[in-house]
Amino acid sequence: MSNDSGTSRQDWIAQPGQPLRGSVRVPGDKSVSHRAIMLAALAEGSTRISGFLEGEDTRATARVFEQLGVRIETPSASERIVHGVGLHGLRAGSGALDCGNAGTGMRLLAGVLAGQAFDSLLVGDASLSKRPMRRVIDPLAKMGAVIASEEGGLPPLRIQGGAPLQGIDYTLPVASAQVKSALLLAGLYAQGDTVVREPHPTRDYTERMLAAFGWPIEFSPGFARLQGGHRLQAADVAVPADFSSAAFFLVAASIIPGSELRLEAVGMNPRRTGLLTALRRMGADIREENASEQGGEPVADLVVRHAQLHGIEVGGDLAPDMIDEFPALFVAAACAQGNTTIRDAAELRVKESDRIATMAQGLRSLGIEVEEHPDGATIVPGPIGPGEVDSHGDHRIAMSFAVAAQRASGQVRILDVANVATSFPGFDALATGSGIWLVQSR
């Protein structure tokens, strides 16, 4: 059987295991890995990337740039040497450019390819082909890009080469780091200034990395400005451990009695760590140690101990800073004392799945009461029972229910988990090594 992405169908069986103990190093940050490949490819000179996420999404981005004429070496696992071709050195690829399941890859590539002299066709798997691209297409069109899509702004994207781009001053209707990044990358090729304003600040990985590669850029929370016509210079990148991957262990150690776990060198970008703030508001015992900086990004060890959580309201400016971590928060809320209400998270409806509906459906199947709202949900905590949940091929949903099962009264079967490899290869081995009970079932 195959799932929505065309990969072989896999399920998990999970049940309560042991308290989480020891130290864990989760894989490299997916967002940083995508951007490191892209900017290194467009830079002059060779860039060494360490800590690269060996996931299907990031490998897809690397393959696309290889199709576009960039030589990328893999001297060892989690390491890449990218021989940049300069801003105007890409050449037309043979055939379609396959982004796989990577929404970040497709949206950012649309910005890069809008500035090229050649035509491009961006495609993705069945899941990515259902994700909206109009939010990128429309502002890029205001810059002069010519991009055709399927009805409703869905992939594939056909990008016409040779369209002269002009910088714009654009306010995002919905906060999105991916859309912001696409516009800034197109702005590298545009005449004049490109300015992006956000209703709420989002993660600034692209801005930080552009500066690290030598491009003059002005940015602050909710604002970024750059001018076309400069050059990118090769700069080695050390990718921090992915906070979104660490999130599952932060929640697991918080809700499993007797746990004390160290998560090593986790990326602490302030626009990414909203879940940390939310968990601490819920009463989580998480402390930061060994703070430092890697490749322009703050990192720290996170030491988390079991604590009794209590329900809170989550929304407002905090929501964009934890948009990928909401599935894990649903699980924390199910194990808390008192209700948790999530607001201002409508973006969850258009992720790899409708994450509000999918998490609500899964928790209900395990006996937890959930009331959905258009932009969130209210979770009423209670005993988690055994049962079966469908992840709908969404990697973060699957990992969240592996954590929830650690507090269940029996076995939980989690359906369609193959896509976990897109963001967290080896999750099952790392999880079981730390005390989580999880086995694969076909």
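The values are calculated or read from the model by the stated rules, or taken from the named source; none is laboratory data. Since this is a predicted model, take the numbers as computed values, not measurements. Cβ: placed from backbone, ideal geometry, glycine included. Neighbour counts: every protein chain shown.
Couple of notes before you dig in:
- Qualifying residue in region 65-72 (condition: among the hydrophobic types (A, V, I, L, M, F, W, C), crowded, with 21+ Cβ neighbours inside 10 Å, outside any strand (DSSP E or B) and in contact with a Phe, Trp or Tyr (Cβ under 7 Å, 6 or more places away or on another chain)): no
- Residue selected from region 226-277 under the condition charged (D, E, K, R) and out of contact with any Ser or Thr (no Cβ under 7 Å at 6 or more places or on another chain), by the criterion nearest to Arg305 (Cα to Cα): Glu260
- Test: residue in region 53-64 that is touching a residue at least 40 places away in the same chain (Cβ under 8 Å) and assigned to a strand (DSSP E or B): no
- Among the residues here, Gly435 qualifies as surrounded by fewer than 24 Cβ atoms within 10 Å (Cβ to Cβ), touching a residue at least 60 places away in the same chain (Cβ under 8 Å), under 20 Å from Ala252 (Cα atoms) and not charged (D, E, K, R).
- Against the conditions (1) assigned to a loop (DSSP other than H, G, I, E, B); (2) farther than 30 Å from Glu264 by Cβ, Leu363 satisfies every one except (1).
- For Asn101, the conditions (1) assigned by TED's automatic domain parsing to the domain that holds Arg305; (2) assigned to a loop (DSSP other than H, G, I, E, B); (3) not aromatic (Phe, Trp, Tyr) all hold with the exception of (1).
- Among the conditions (1) outside the structural domain of Thr340 (by TED's automatic domain parsing); (2) at pLDDT below 95; (3) in a loop (DSSP other than H, G, I, E, B), the only one that Asn269 does not satisfy is (1).
- When we screen Val112, Val70, Val82, Val64 for residues that are out of contact with any Cys (no Cβ under 6 Å at 6 or more places or on another chain), assigned by TED's automatic domain parsing to the domain that holds Arg158, within 23 Å of Gly192 (Cβ to Cβ) and of a type in the set (Val, Ile, Thr), the only hit is Val112.
- For region 132-187, the set of residues classified as of a type in the set (Lys, Arg) and surrounded by fewer than 21 Cβ atoms within 10 Å (Cβ to Cβ) consists of Arg134, Arg135, Lys142, Arg158, listed by residue number.
- Of the residues contained in region 318-332, one or more are found to be under 14 Å from Leu279 (Cβ atoms) and over 19 Å from the mean Cα position of the chain (by Cα).
- Pair list, Cβ < 9 Å and 6+ apart or interchain, from region 252-270 residues that are on the phi > 0 side of the Ramachandran plot and surrounded by fewer than 20 Cβ atoms within 10 Å (Cβ to Cβ) to residues that are modelled with pLDDT of 95 or more and not in a strand (DSSP E or B): Gly258/Gln18; Gly258/Pro19; Gly258/Leu20; Gly258/His306
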